[in-house]
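The values are calculated or read from the model by the stated rules, or taken from the named source; none is laboratory data. It should be emphasised that the depicted structure is a prediction, and the values quoted were computed from it without experimental measurement. Positions of Cβ are backbone-derived with ideal geometry, glycine not excepted, and every protein chain shown enters the neighbour counts.
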């Protein structure tokens, strides 16, 4: 990996079963009024939370009798400090993302390979103070 690019030493073989999977995160793409095809950037089964939160905001102002039912359905995330397990869809959302692969490293780190640079160090040859042709 160099900058924002990933270089391979061999051409990728797309039929390989022991290949490489790369996951990345794009920058935000905000919703605008009239969007009909854009989807939120989290798991599909939890997209309903967006409309439930909007409905809760509306009911808090105009129809308070329905707010408790919406709050129950939305629920709350687990609170580890107070040892509360959470409830509803928010608990399911936290549980879903908590069970993701915990063994995966959070960063993509480039592998360092020696392509002969070790033999090109300063001081090689008859003159110990000489510099190799590449200036090292």
(message) Of the residues 54, 75, 86, 34, only one is without any contact (Cβ under 8 Å) to a residue 12 or more places away in the chain, in contact with a strand residue (DSSP E or B) (Cβ under 6 Å, 6 or more places away or on another chain) and over 30 Å from residue 110 (Cβ atoms); which?
(response) 86
(message) Would you confirm, using the coordinates I've provided, whether residue 96 is closer than 30 Å to residue 110 by Cα and either surrounded by 13 or more Cβ atoms within 10 Å (Cβ to Cβ) or more than 20 Å from the chain's Cα centre (by Cα) (or both)?
(response) yes
(request) Take residue 29 and decide whether it is surrounded by 10 or more Cβ atoms within 10 Å (Cβ to Cβ) and touching a helix residue (DSSP H, G or I) at 6+ places or on another chain (Cβ under 9 Å). (result) no
(request) Go through 14, 62, 58 for me and flag whichever is at pLDDT 85 or above, exposed (fewer than 11 other Cβ atoms within 10 Å of the Cβ) and more than 23 Å from the chain's Cα centre (by Cα). (result) 62
(request) Quick one: which residue in 70, 20 is in contact with a helix residue (DSSP H, G or I) (Cβ under 7 Å, 6 or more places away or on another chain) and either modelled with pLDDT under 80 or surrounded by 11 or more Cβ atoms within 10 Å (Cβ to Cβ) (or both)? (result) 70
